[in-house]
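One structure below.
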Amino acid sequence: METKDNSQSVHWADITADKIIRERTKFLNDKKTAFVCASGITPSGTVHIGNFREIISVELVVRALREKGAKVRFIYSWDDYDVFRKVPKNMPKQDELAGYLRFPITMVPDPWGKETSYARAHEVELESLLPQVGVYPEYLYQASRYQASMYAAGIRKAFECRETIKAALDEYRTTPLPEDWQPVSVFCSKCHKDTTTVKGWDGDWGVSYCCDSCGNEETVDLRTTSVVKLPWRIDWPMRWSVEGVDFEPAGKDHHSEGGSFSTSKGIARKVYDHEPPVTFQYDFLSIKGRGGKISSSSGEVISLRDVLEIYQPEIIRYMFASTRPNTEFAISFDLDVLKIYEDYDKCERIYYGVEKVNEKKTEKERRIYELSQVGEVPAVMPYQIPLRHLCNLLQIHGGNVDEVLKTFDIKDQSQLPRLRNRAECAWRWITTFAPEDFRFALKVPGEDMVELNDTARTIVRGSAAVVEKLEDYDEKTLAEALYKVAQDNGMDPKDMFTLFYGILIGKEKGPRLAGFILTAGKDKILPILKAYC
């Protein structure tokens with residue numbers, strides 16, 4: 001396989017891609033012609049943005065591999081044959097769901113009544129969103145695969161190598177597994193719960209069990225049964241072997257000493273004759289500006305849909321592409337939103353050569369920008385509206401996105417969808433998360449008026465005369481003209497700001513006054529001032 005040399009890249013996705021090519025090319029053959037990059041999650045509840053960190057990290061590496069000329073199979077496993085252990089707090093129909101505890105999650109009904117199961121509801125939610133951020137994996141549904149007995153040989157191998165597996169697991173345990181431990185779990189074919197005890201394996205394909213809940217006892221054939229599965233630490237290395245996985249990252253909990261990656265590596269080599277995949281550990285995410293920690297089981301989650309409400313898809317990709325996976329960072333919903341948008345816009349200007357930085361910084365920012373795009377990099381630089389300015393415009397126009405976009409001379413209509421998305425995200429942020437002192441609304445002329453003394457009324461009258469000729473001013477000269485009106489009437493400029501913010505938006509503070517008046521325009525500002533004249 002020929003690949004392009006990009007060994008000088010400093011981006012972590014390219015470095016990882018080079019490592020995969022270097023270490024895994026020898027495993028390619030006539031039957032396996034593509035590198036397999038894997039990710040996955042159990043749909044036990046809302047798939048949160050922390051889970052998304054793994055899948056976007058894999059996608060960035062997949063993109064880097066393909067750009068190097070490599071063939072790649074990008075798989076995403078839904079571990080939907082796991083047991084339903086807990087009802088998350090954010091789920092409806094809590095009592096009904098509780099009746100399905102210890103069932104496989106594919107047998108739990110969808111509490112919204114739309115999909116075939118609880119698991120499928122969460123799968124569909126994420127699958128519908130991933131294309132918006134440029135992620136297109138091949139989905140593998142593990143319940144279907146287990147129920148079709150695709151892993152019968154892998155399960156039998158676990159029985160054959162039970163002592164080897166037990167030794168690998170016991171290495172990191174303070175209390176060894178009991179002597180009668182078995183390397184499988186079973187869902188009862190009668191009551192469907194995993195509250196079963198494996199009684200024995202016949203040395204071939206037969207497995208006997210009894211159910212502790214309903215008393216059912218039977219022997220099943222691994223080649224035809226749908227009720228037997230491997231626990232996670234054995235299931236994972238078995239699937240690496242079956243799927244030929246070459247790369248799969250995992251959270252730092254899995255990579256800790258004695259974590260599932262540690263044990264799975266040994267089991268992959270000793271039991272399933274598979275060299276463990278290239279990996280890296282990714283750190284946890286925190287949330288800034290919203291309460292609660294990220295946890296699917298507790299229901300305190302921030303999902304990809306939540307983040308898409310506030311951030312454009314390219315900026316979501318940018319946050320992950322610009323941060324090394326092993327670095328903890330926060331998804332922000334507070335004033336940091338403004339800075340994140342500003343950082344992305346700067347990266348974009350550097351990519352197109354509009355803003356100059358040193359060569360090393362340019363190379364780094366250009367690569368981050370490329371990986372941040374949902375599709376191809378735009379041929380021309382997208383029209384930029386700084387988010388802070390956009391927020392002011394939206395508040396001036398009462399959230400009317402169409403009116404705001406009309407204030408810009410946008411000749412290329414293909415730019416409008418991206419700009420509209422930014423404006424919609426900005427308005428949702430303003431109305432949902434922006435601090436109270438950041439929000440404002442222009443008053444209706446003549447309503448909710450402020451009591452003024454004679455001096456203040458004279459200053460308002462003089463300022464209205466200035467605003468009458470607003471087209472003659474820029475921000476600097478307008479500020480000077482307003483200051484002069486105040487000073488000529490014996491008012492400190494600081495008091496003038498308080499006066500005007502109270503008149504215009506009913507607050508003591510607000511945006512930079514001269515710039516704000518220019519942005520709002522004479523038609524909106526003058527009627528409010530003239531009501532006092």
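Here are the numbers for this structure:
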read-out: Reachable aspartates and glutamates from Lys114, criterion Cα separation under 14 angstrom, eight or more residues apart if same chain; value: Glu123, Glu125
read-out: Tilt relative to the chain, helix 475-488 - C-alpha long axis, 0 to 90 degrees, to 10; value: 50 degrees
read-out: Helix-derived mean residue ellipticity, 222 nm - over the chain, DSSP H n ≥ 4, -39500 (n - 2.57), to 500; value: -13500 deg cm²/dmol
read-out: Inter-label distance, nm, simple model (7 Å from Cα along the C-beta direction), Lys494/Thr455; value: 1.5 nm
read-out: Accessible-area value, Met381, 1.4 Å probe, nucleic acids and ligands omitted, Å²; value: 50 Å²
read-out: Cα Rg, Dmax (largest Cα-Cα span) when computed across the chain, Å; value: 30.2, 101
read-out: Average Cα contact separation per residue, the chain, under 8 Å, 6 or more apart, as relative contact order %; value: 12 percent
read-out: Relative packing of peptides 181-187, 38-44 - highest average C-beta neighbours within 10 Å first; value: 38-44, 181-187
read-out: Summed residue charge, Cβ within 14 Å of Gly462's Cβ, Lys/Arg positive, Asp/Glu negative; value: +1
read-out: Share, in percent, of DSSP beta bridges within the stretch 29-145 that are antiparallel, nearest 5; value: 10 percent
read-out: Portion, in percent, of the accessible area of the chain that falls on carbon or sulfur, probe 1.4 Å; value: 47 percent
read-out: Area accessible to solvent at Lys406, 1.4 Å probe radius, in Å²; value: 150 Å²
read-out: Share, in percent, of DSSP beta bridges within the chain that are antiparallel, nearest 5; value: 45 percent
read-out: Ordering of 48-58, 478-488 by packing [mean C-beta count within 10 Å, highest first]; value: 48-58, 478-488
read-out: Most to least packed among 148-154, 455-461 [average Cβ atoms within 10 Å]; value: 455-461, 148-154
read-out: Accessible surface, the stretch 162-262, averaged per residue in Å² (probe 1.4 Å); value: 45 Å²
read-out: The stretch 97-201: GluC sites (Glu not before Pro) in DSSP loop, at most 10 other beta carbons within 10 Å; value: Glu179
read-out: Rounded tilt (10° steps) of 336-351 against the dominant C-alpha axis of the chain; value: 90 degrees
read-out: Crossing angle, helix 493-505 versus the chain [Cα axis fit, 0-90 degrees, rounded to tens]; value: 70 degrees
read-out: Rg/Rh for the stretch 182-285, where both radii come from Cα atoms and Rh is the Kirkwood radius; value: 1.07
read-out: Solitary cysteines of the chain, where the nearest other Cys Cβ is not under 4.7 Å; value: Cys37, Cys161, Cys210, Cys347, Cys391, Cys425, Cys533
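The values are calculated or read from the model by the stated rules, or taken from the named source; none is laboratory data. Just so we're clear, the structure is a prediction, and the values are computed from it rather than from any experiment. Every residue, glycine among them, receives a Cβ derived from its backbone with ideal geometry; neighbour counts consider all protein chains shown. Ligands, DNA and RNA are excluded from the accessible area calculation, which covers all protein heavy atoms including side chains. Shrake-Rupley method; radii C 1.70, N 1.55, O 1.52, S 1.80 Å.
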